[in-house]
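Report on the structure given below.
Taken together, the values in this text are just the output of simple stated rules run on the coordinates, not laboratory data. These numbers were taken from a predicted model, which means no experiment stands behind them. Every residue, glycine as well, gets a Cβ built from its backbone with ideal geometry; the counts of neighbours run over all protein chains shown.
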């Protein structure tokens, strides 16, 4: 093997090598069918093991393929997974996708912020999509609203008429929230959307910062690093739906133990827009 090549491959590099979508690589890893490691909160693939695996060799995939947090992206959660040394990998592709990944056994937890018709968050979605053995654990309340440049006057949802908004994937809680807001304001057909899709809160804010979008549905914590203006609209509940068996395994226990430290509280305060008073509360317990 050429020593100049990287020892580990990324998910996108393995997908290109196999000529499949990245989602297929995640599925292979979750099923324990491909050699991988979970380091610094990400999936990494040892090049030597991958080459032996492709050649029909005896390299074995690493155990614990389901140690993945799927669902919605949250800046505080992403940071905590990395800093806690939990060994968890992430696969952020929207709240509803996360629930599907958890239900299929491809993830041990899923972050979500799905509004309920009752005015609550996440409980109805979890109850509808998850069967026995799942629970909903509080992570944080977050300030959600509109992100834009300071030079543009946006005083509410009604000011979005005619603007180009950052497009989110259909499985994202942010997409569900903004669609409902636009429909209620009679603006469902009165806005434009970016061609590119922002798959995380950070990517949505980056689109605004780079001028690709006039505004985005987003979090205060995502707007601050880019120096963007944030208009708060409401507080939402961001919860983790978890497999109850995985809850007692070291990865999730390490994550939540770290989330009770002063360092975690300080980071939540620095990011802005977080209330972690309900951290760890059981919001729903499946049958």
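Among 72, 12, 84, the largest mean-square fluctuation in a Gaussian network model of the chain, built with springs joining Cα atoms closer than 10 Å, belongs to 12. How tilted is helix 173-184 with respect to the longest principal axis of the chain? Cα atoms for both, answer in degrees (0 to 90, nearest 10). Here the helix axis deviates by roughly 20 degrees.
Between the helical axis of 262-271 and the longest alpha-carbon principal axis of the chain there is an angle of about 50 degrees.
Annotation: the antiparallel percentage among DSSP beta bridges lying fully within segment 144-235 is about 65. Subtracting the Cα-Cα distance of residue 37 and residue 180 from 0.36 nm times their residue separation leaves 47.5 nm of extension gain. Diagonalising the gyration tensor over the Cα atoms of segment 8-54 and scaling each eigenvalue by 5 before taking the square root yields semi-axes of 13, 13, 10 Å, largest first.
Given the options 51, 83, 236, state which has the largest fluctuation in a GNM of the chain using a 10 Å cut-off (strictly under) for Cα springs. Of 51, 83, 236, the most mobile in the Gaussian network model is 51. Estimated from the Cβ-Cβ distance and a Förster radius of 35 angstrom, the FRET efficiency linking residue 191 and residue 79 is about 0.65. Between 248, 92, 238, which gets the highest mean-square fluctuation from a Gaussian network model of the chain, Cα cutoff 10 Å? Of the options given, 248 has the highest mean-square fluctuation. Look at [x] 1.11; [y] 0.97; [z] 0.99: the one that is Rg/Rh (Cα atoms, Kirkwood Rh) derived from this structure is [z]. Note on the chain: antiparallel DSSP beta bridges, both residues inside, total approximately 75 percent of the bridges counted.
Counting helices only, and only those DSSP H runs with n ≥ 4, report the 222 nm mean residue ellipticity of the chain as the sum of -39,500 (n - 2.57) divided by its residues, in deg cm²/dmol to the nearest 500.
The helix-only estimate for the chain comes to -9000 deg cm²/dmol at 222 nm.
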